[in-house]
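The values are calculated or read from the model by the stated rules, or taken from the named source; none is laboratory data. If you're wondering where the values come from, they're calculated on a predicted model, not measured in any experiment. When we count neighbours, we look across all protein chains shown, and the Cβ atoms used for this are built from the backbone with ideal geometry, even at glycine.
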Amino acid sequence: MTSVLDPATIGKPSRPRHVRTLTLYIPEQDEDGKDKWPRGEEELWRANLRKPDTDVPSIARSFVNHVQTSLARQPHNLSDLGAYLATGLSVRDNLLLNWNETQMHMNRVAGKRAYYLSLEFLMGRTLDNALLNLGLKDQYRESIDRLGFNLEDLIDQERDAGLGNGGLGRLAACYLDSSSTQELPVWGYGLRYKYGIFQQLISPDGQQLEAPDPWLEHLNPWEVSRADVQYEIRFYGEAQKYVNGTARGVWYGGQEVLAVAYDVTIPGYDTRNTNNLRLWASKPKRGFDLQSFNAGNYEHAIESSNSAAAITSVLYPNDQTTFGKELRLKQQYFWTAASLADIMRRFRNLGKPMIELPDYIAIQLNDTHPTLAIPELMRILVDEEDLPWDVAWYIVTNTFFFTNHTVLPEALEKWPVPLMEHLLPRYCAIIITPLSISSVEHKFPGDHDRLARMSLIEENHPKYVRMAHLACIGSRKINGVAELHSELVRTTIFKDFLDFFGVSKFGNVTNGITPRRWLAQCNPDLTDLITKTINIPKNIWLKDLSQLEELLKYVEDEDFLEEWAAVKQANKERLAHYMRVTLSLNVNTKAMFDVQIKRLHEYKRQTLNILGVVHRYLTLKAMSPSERKKLTPRNVFFAGKAAPGYEIAKLTIRLIVNVARVVNADPDTKDYLNVFFLPDYSVTMAEILIPASDISQHISTAGTEASGTSNMKFCLNGGLLLGTVDGANIEIAEEVGSENVFFFGHLTPAVEELRYQHKHHPVPVEEKSRNLAKVLDQISSGLFGDEGVYEPLLNTIRQLDYYLITDDFDSYIEALQMIDDAYNDRTEWIKKSIRTTAKMGKFSSDRAIQDYAQEYWNIESTKVE
Ligand SMILES: *Cc1c(COP(=O)(O)O)cnc(C)c1O
């Protein structure tokens, strides 16, 4: 029997696997009833293995089969939901065949693989995207049509997989699509939250209400549950050093929870390569705690089983700040420990020495959320593999790569040391040792401030572990997500680490988006127009987005310009139809469509936008009817969720909703200005809004938006950009030309000084901007109802104004005016739109994932034939 103190029993698969090869041939029999010698084995394999359903009749057969068996329904009693599920299961069959081929191929090749660890994967819907990537949309449409259903209606039955808050999670999803499309061996690892990002409801007076998102309510046809892939994960308990004088320790007791794998297929576009996204769900180890049960404490037994299931029950609905929450730390450890156990099992199967691990595995940390993977790999190498400390540290620091996503100080993750010691007792010993104080002191003798700044531990009450520091020292390379952001990473939060490690540890990978979902899927008309115009097959240019530059040859072609404008118009009609059907709202499709959709946050400055809207409203009210008639009508669209505890962001939503209520009803202005707040922003909603936009707003305070990715989505769809000189806006302008974007506002280097002035030499708002002062006064005086409720929001501007609304307001208003003028020159505007799309090649996530593959992970494409 193995002892409980034997480290070899920890983190191993809970069941040994006995495998054999399936005998696939059915022997033919001769006249005497004896088995005939089988024909060529290869042939027989082929005869019995299932083939993909790619033609209309086989798709129909597969659909009906799933209706009758998998769903156990009668063919005469099928709803759209049932038909969607049958379609999904049928498509999944095709995906799984490719998935299997890919895994067999990758095992045969046995090359280096990369793993993308992300606490969020904001996948959105799958059906439409899978059909696009498989190239089977037309076949499925026809088949479903013949069966009496409509494919588009079935697509609408699918709930978004909302396993993320915003940009960070959507980035992970785009990267998976590109990894498969680029035929790279990359797996994602995440959590299978029972409840994804909350559903946002808006009360009649504009308050955000949150409801749970039961996305798994019905069968999820896109996942495969792998009851055979499960690991035991330990929490709490005690840790001891081994007595043999090595670094080895052991961790025992406490709570053990099972991590069970659910696999989601990630098909590449126009390739059989299909990678895997493995999501972990928690479950109690033995149904419930047997010890309590035996002691007659039935209730306690159930409680502990609930506490195991709770680990993966809900996605934390915060972006930028989530710390101190024990359950969140538990999620992070549960997920990283299960993922590493799985990665290590695959590596051990290769039979290579541990020291070669970095030649076979690269692990990307998407933000600091998976940083516990660093001490966890140390624990495995030291405690389970019995490697010396230095060797283990060498392996670790050549395996991990870290992407930073924010320089906002309040968003840098840190965990109280007492909580860490309690939950992960083996960890503190592992975390304290790495960056031995002596090596810093050796390099910078006597520089105690530097030592304190660089320490993994923030000396406070209580002490905290700084996760960004741990991720930094434990990784081979660190990158930011746009040029400006990567520079800020090097020169602000990690400046001391730059001095210590040198510049080669730091890099940049500007974010990207997948053109499959964010152009081909969401804007099929534009996709067809582009294909026809540049005369390059769609499957070529969608994988080499720089080909869009060919569009530049046609910017003087008047017919093309008209077709381009007609597609935009049709997309506006599509959005208007959607809003009429789902929200009973009427939208004037002749107006300019001005869109800002993203998480609600002070740094993203939806406030600046709505204050600009109020300014426009006041200006319109002051005009004569004949003056107004000369104006281009404008629709301003907002969508986005606020973190449930973020009162200022929620108040911004309330202001937007109430401004919309007043402005849209005012007979003086309603023909010229309309405001809409669309509740419950999601990937699917983005797919409808983005193709309809003439202009979109990305107006963060300079230096605060790491990259942004929705800016790229809009520009790819021919929407122009109104932005600050921040994040990827800068690189977009470099590509499309500054004459095709609208920039305003102070630059990053000015921000610190302006904040200093607000704090130490405050100037009244009216001295900075009379326009803004008037707007604030009107809101305060109750123009939008609820006198007084907006004061906490308005006071953030009147007082510290940390996000510099007062400093940027006038230049923002000027930029809006420039947009009005530019829009009135219709032909020139269409040309700008075409030029914008044409130059978006750089922002394909294919480029970004190749940057990671080549400059960071050192992995190679390998095609599944
Ligand atoms: C792209 C995307 C984001 C990121 O938007 P930013 O404007 O870059 O913050 C957030 N949510 C959804 C649903 C998205 O599709």
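Exactly one residue out of LEU552, LEU611, LEU585 is among the hydrophobic types (A, V, I, L, M, F, W, C), in a helix (DSSP H, G or I) and surrounded by fewer than 17 Cβ atoms within 10 Å (Cβ to Cβ): that is LEU552. If you go through region 330-356 and pick out every residue that is crowded, with 21+ Cβ neighbours inside 10 Å and either of a type in the set (Val, Ile, Thr) or under 22 Å from the mean Cα position of the chain (by Cα) (or both), you end up with 12. Taking the criterion of being out of contact with any strand residue (DSSP E or B) (no Cβ under 9 Å at 6 or more places or on another chain), of a type in the set (Asp, Glu) and within 27 Å of MET420 (Cα to Cα), the residues of region 451-500 that qualify are GLU459, ASP496.
Search region 511-532 for residues being in contact (Cβ under 8 Å) with a residue 24 or more places away in the chain and over 25 Å from ASN729 (Cβ atoms), and hand back the single one that is nearest to the chain's Cα centre (by Cα). Restricting to residues being in contact (Cβ under 8 Å) with a residue 24 or more places away in the chain and over 25 Å from ASN729 (Cβ atoms), the top hit is ASP525.
Residues of region 132-174 that are more than 16 Å from the ligand (Cβ to nearest atom), part of a helix (DSSP H, G or I) and of a type in the set (D, E, K, R): LYS137, ASP138, ARG141, GLU142, ASP145, ARG146, GLU152, ASP153.
For region 175-195, the count of residues that are more than 19 Å from the chain's Cα centre (by Cα), closer than 30 Å to ASN318 by Cβ, of a type outside the set (A, V, I, L, M) and more than 16 Å from the ligand (Cβ to nearest atom) is zero.
Kindly indicate the residue of region 246-278 that is hydroxyl-bearing (Ser, Thr, Tyr) and more than 33 Å from the chain's Cα centre (by Cα) and also surrounded by the fewest Cβ atoms within 10 Å (Cβ to Cβ) among those meeting that condition. The qualifying residue surrounded by the fewest Cβ atoms within 10 Å (Cβ to Cβ) is THR246.
Among residues of region 589-614 that are without any contact (Cβ under 8 Å) to a residue 12 or more places away in the chain, none has a Cβ under 9 angstrom from a residue that is of a type in the set (S, T, N, Q) and within 16 Å of the ligand (Cβ to nearest atom) at a sequence gap of 6+ or on a separate chain. Is it fair to say LEU377 is at pLDDT 90 or above and in contact with a helix residue (DSSP H, G or I) (Cβ under 8 Å, 6 or more places away or on another chain)? Against the criterion (at pLDDT 90 or above and in contact with a helix residue (DSSP H, G or I) (Cβ under 8 Å, 6 or more places away or on another chain)), LEU377 qualifies. Is it the case that region 809-823 has a residue that's touching a helix residue (DSSP H, G or I) at 6+ places or on another chain (Cβ under 9 Å), without any contact (Cβ under 8 Å) to a residue 40 or more places away in the chain and under 15 Å from ILE610 (Cα atoms)? Looking for residues that are touching a helix residue (DSSP H, G or I) at 6+ places or on another chain (Cβ under 9 Å), without any contact (Cβ under 8 Å) to a residue 40 or more places away in the chain and under 15 Å from ILE610 (Cα atoms), one finds none in region 809-823, hence no. Here are GLY788, GLY737, GLY745: which of them is at positive phi and crowded, with 20+ Cβ neighbours inside 10 Å? After applying the criteria, what remains is GLY745. Going through (1) within 16 Å of the ligand (Cβ to nearest atom); (2) over 24 Å from GLU573 (Cβ atoms) one by one, GLU647 falls short only on (1).
The lone criterion from (1) β-branched (Val, Ile, Thr); (2) surrounded by fewer than 17 Cβ atoms within 10 Å (Cβ to Cβ); (3) closer than 28 Å to LYS842 by Cβ left unmet by VAL567 is number (2).
A count restricted to region 52-88 and to residues that are at pLDDT 95 or above and within 25 Å of SER179 (Cβ to Cβ) stands at 1. Looking at (1) assigned to a helix (DSSP H, G or I); (2) surrounded by fewer than 17 Cβ atoms within 10 Å (Cβ to Cβ); (3) not β-branched (Val, Ile, Thr), can you tell me which one GLU865 breaks? All conditions pass for GLU865, except number (1).
When the residues of region 347-384 are narrowed to those that are of a type outside the set (Asp, Glu), without any contact (Cβ under 8 Å) to a residue 40 or more places away in the chain and assigned to a helix (DSSP H, G or I), which ends up farthest from LEU456 (Cα to Cα)? Looking at the filtered set, the residue picked out is ASN349. Looking at (1) part of a loop (DSSP other than H, G, I, E, B); (2) within 16 Å of the ligand (Cβ to nearest atom), can you tell me which one ASN129 breaks? Unmet for ASN129, out of (1) part of a loop (DSSP other than H, G, I, E, B); (2) within 16 Å of the ligand (Cβ to nearest atom): (1).
Of the residues LEU85, LEU78, only one is farther than 30 Å from ALA337 by Cβ and part of a helix (DSSP H, G or I); which?
Values: LEU78 fails: part of a helix (DSSP H, G or I).
Step by step, each of LEU85, LEU78 is checked, and only LEU85 is farther than 30 Å from ALA337 by Cβ and part of a helix (DSSP H, G or I).
Scanning region 676-717 for residues that are more than 8 Å from the ligand (Cβ to nearest atom), farther than 27 Å from LEU529 by Cα and aromatic (Phe, Trp, Tyr) yields PHE676, PHE677. Listed by position, the helices (runs of 4 or more DSSP H) inside region 718-777 whose residues that are over 33 Å from the mean Cα position of the chain (by Cα) and free of Cβ contacts under 8 Å to residues at least 60 places away in the same chain number at least 3 are 748-760, 765-768.
So if I check each of THR652, THR684, THR701, THR669, which one is assigned to a loop (DSSP other than H, G, I, E, B), within 28 Å of ARG580 (Cα to Cα), at pLDDT 95 or above and of a type in the set (Val, Ile, Thr)? Break it down into steps so the answer makes sense when it comes.
Working: THR652 fails: assigned to a loop (DSSP other than H, G, I, E, B); THR684 fails: assigned to a loop (DSSP other than H, G, I, E, B); THR701 fails: within 28 Å of ARG580 (Cα to Cα).
From the options THR652, THR684, THR701, THR669, the qualifying one is THR669.
The single residue among ASN508, ASN539, ASN535 that is closer than 30 Å to ALA130 by Cβ, in contact (Cβ under 8 Å) with a residue 24 or more places away in the chain and of a type outside the set (D, E, K, R) turns out to be ASN539. Filtered by the rule that a residue be among the hydroxyl-bearing types (Ser, Thr, Tyr) and within 16 Å of the ligand (Cβ to nearest atom), region 595-621 gives TYR603, THR607. Taking residues in region 703-717 that are without any contact (Cβ under 8 Å) to a residue 60 or more places away in the chain, and partners anywhere that are part of a loop (DSSP other than H, G, I, E, B) and more than 7 Å from the ligand (Cβ to nearest atom), the pairs with Cβ atoms closer than 8 Å and at least 6 places apart or on different chains are ASN711/GLY727; ASN711/ALA728.
Going residue by residue through region 803-816, is there one that turns out to be of a type in the set (A, V, I, L, M, F, W, C), within 30 Å of THR181 (Cα to Cα) and part of a helix (DSSP H, G or I)?
Looking through region 803-816, none of the residues is of a type in the set (A, V, I, L, M, F, W, C), within 30 Å of THR181 (Cα to Cα) and part of a helix (DSSP H, G or I).
Would you mind stating whether ASN664 is within 24 Å of LYS590 (Cα to Cα) and either within 16 Å of the ligand (Cβ to nearest atom) or crowded, with 24+ Cβ neighbours inside 10 Å (or both)? Full working, then the answer.
Working: within 24 Å of LYS590 (Cα to Cα): yes; either within 16 Å of the ligand (Cβ to nearest atom) or crowded, with 24+ Cβ neighbours inside 10 Å (or both): no.
Against the criterion (within 24 Å of LYS590 (Cα to Cα) and either within 16 Å of the ligand (Cβ to nearest atom) or crowded, with 24+ Cβ neighbours inside 10 Å (or both)), ASN664 does not qualify.
Screening the candidates SER624, SER546 for the property of being more than 16 Å from the ligand (Cβ to nearest atom) and either at pLDDT below 95 or more than 30 Å from the chain's Cα centre (by Cα) (or both) yields one hit, SER624.
Of the listed requirements (1) more than 14 Å from the ligand (Cβ to nearest atom); (2) of a type outside the set (Ser, Thr, Tyr); (3) within 25 Å of GLU120 (Cα to Cα), PHE743 misses just one: (3). What do you reckon, is ASP786 at pLDDT 95 or above and under 24 Å from VAL663 (Cβ atoms)? No.
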